[in-house]
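J.: Would you mind keeping the following structure in view while I ask a few things?
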Amino acid sequence: RALSLLQSKARGIVPELTKFDDADTKFAEKIKSIAPIVGQQIEKNELDKALKSILEFSSSCNEYFQHKSPWKQSVGNENCLYLAINAARTLGILLSPYIPFSTQKLARQLNVELGKWDSAGELAIKPKHEIGKPEILFKKIEKEHIQEQKAKLKS
């Protein structure tokens with residue numbers, strides 16, 4: 001959603017920042033702090049806990065985006081779009097051990113190299129950066145298709 005909104009609101013160009021409010025500051029701190037948590041879990045071979053932490057981070061990204069509602073406003077969205085695009089990059093790095101092909105597709109859409117694990121907490125996508133064309137990363141699987149696949153497995 002963030003990439004599509006950035007494309008429609010700002011022609012795909014990451015906007016200049018304004019003064020962060022409390023929500024922006026808290027969200028930026030979440031971005032900066034998630035990689036060490038997930039990294040420790042992966043190092044301990046707690047892959048399920050690491051994935052749960054990533055999904056919780058993703059949920060907090062969505063909560064921040066919903067709270068800021070940048071699609072409703074024509075001004076004041078700069079920080080939200082900037083942080084959301086950087087959060088997408090962070091998610092790409094964190095998810096790369098789990099879904100490497102999808103995260104490479106995300107990197108192309110962000111028009112960046114995702115970077116090494118240690119850079120996951122950085123706000124590395126700077127203002128004036130131009131993203132690529134946003135595309136859907138995952139197709140929705142319809143219930144009928146799931147039922148068809150289950151039926152094939154039973155036979």
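J.: Can you report the number of residues in region 99-116 which are over 16 Å from GLN7 (Cα atoms) and open to solvent by 70 Å² or more (accessible area, probe 1.4 Å)?
T.: The qualifying residues number 4.
J.: Here's another thing I want to ask about it. Can you tell me how many residues in region 22-54 are in contact with a His (Cβ under 8 Å, 6 or more places away or on another chain) and under 17 Å from GLU122 (Cβ atoms)?
T.: Summing the residues that are in contact with a His (Cβ under 8 Å, 6 or more places away or on another chain) and under 17 Å from GLU122 (Cβ atoms) in region 22-54 gives 0.
J.: Just the residues that are open to solvent by 50 Å² or more (accessible area, probe 1.4 Å), under 29 Å from ASP21 (Cα atoms) and not charged (D, E, K, R), please, taken from region 35-72.
T.: Once the filter is applied, which keeps residues that are open to solvent by 50 Å² or more (accessible area, probe 1.4 Å), under 29 Å from ASP21 (Cα atoms) and not charged (D, E, K, R), region 35-72 yields PRO36, ILE37, LEU55, SER59, ASN62, GLN66, HIS67, TRP71.
J.: If we keep just the residues of region 114-147 that are outside any helix (DSSP H, G or I) and acidic (Asp, Glu), which is nearest to ALA87 (Cα to Cα)?
T.: Once the filter is applied, the top-ranked residue is GLU122.
J.: Quick check on my filter: what residues within region 12-34 are over 16 Å from GLY76 (Cα atoms) and either assigned to a loop (DSSP other than H, G, I, E, B) or open to solvent by 70 Å² or more (accessible area, probe 1.4 Å) (or both)?
T.: GLY12, LYS26, GLU29, LYS30, LYS32 - these are the residues of region 12-34 that are over 16 Å from GLY76 (Cα atoms) and either assigned to a loop (DSSP other than H, G, I, E, B) or open to solvent by 70 Å² or more (accessible area, probe 1.4 Å) (or both).
J.: Pick from region 75-89 the residues that are small (Gly, Ala, Ser), open to solvent by 10 Å² or more (accessible area, probe 1.4 Å) and in a helix (DSSP H, G or I): which of them is farthest from GLY132 (Cα to Cα)?
T.: Checked region 75-89; the qualifying residue farthest from GLY132 (Cα to Cα) is ALA84.
J.: Somewhere in region 55-74, is a residue assigned to a helix (DSSP H, G or I) and more than 15 Å from the chain's Cα centre (by Cα)?
T.: Yes, because at least one residue in region 55-74 is assigned to a helix (DSSP H, G or I) and more than 15 Å from the chain's Cα centre (by Cα).
J.: Only residues in region 79-93 that are closer than 19 Å to LYS68 by Cα count as the first member; pair them with residues that are open to solvent by less than 10 Å² (accessible area, probe 1.4 Å) and of a type in the set (Asp, Glu), Cβ under 9 angstrom, at least 6 apart or cross-chain, and list the lot.
T.: So the pair list comes out as ASN79/ASP24; CYS80/ASP24; TYR82/ASP24; LEU83/ASP24.
J.: Here's something else I'd like to know. Residue by residue through region 94-106, note down the ones that are in a helix (DSSP H, G or I) and without any contact (Cβ under 8 Å) to a residue 60 or more places away in the chain.
T.: Those that are in a helix (DSSP H, G or I) and without any contact (Cβ under 8 Å) to a residue 60 or more places away in the chain: LEU95, PRO100, PHE101, SER102, THR103, GLN104, LYS105, LEU106.
J.: Which residue out of LYS140, LYS126 is over 12 Å from ALA88 (Cα atoms) and surrounded by 11 or more Cβ atoms within 10 Å (Cβ to Cβ)?
T.: Every option except LYS126 fails the conditions.
The values are calculated or read from the model by the stated rules, or taken from the named source; none is laboratory data. Treat the numbers as computed from the prediction; the structure is a model and nothing was measured. Reconstructed Cβ throughout: ideal geometry from the backbone, glycine too, with neighbour counts over all protein chains shown. The area values use the complete protein model at the heavy-atom level, side chains included, leaving out ligands, DNA and RNA. Shrake-Rupley method; radii C 1.70, N 1.55, O 1.52, S 1.80 Å.
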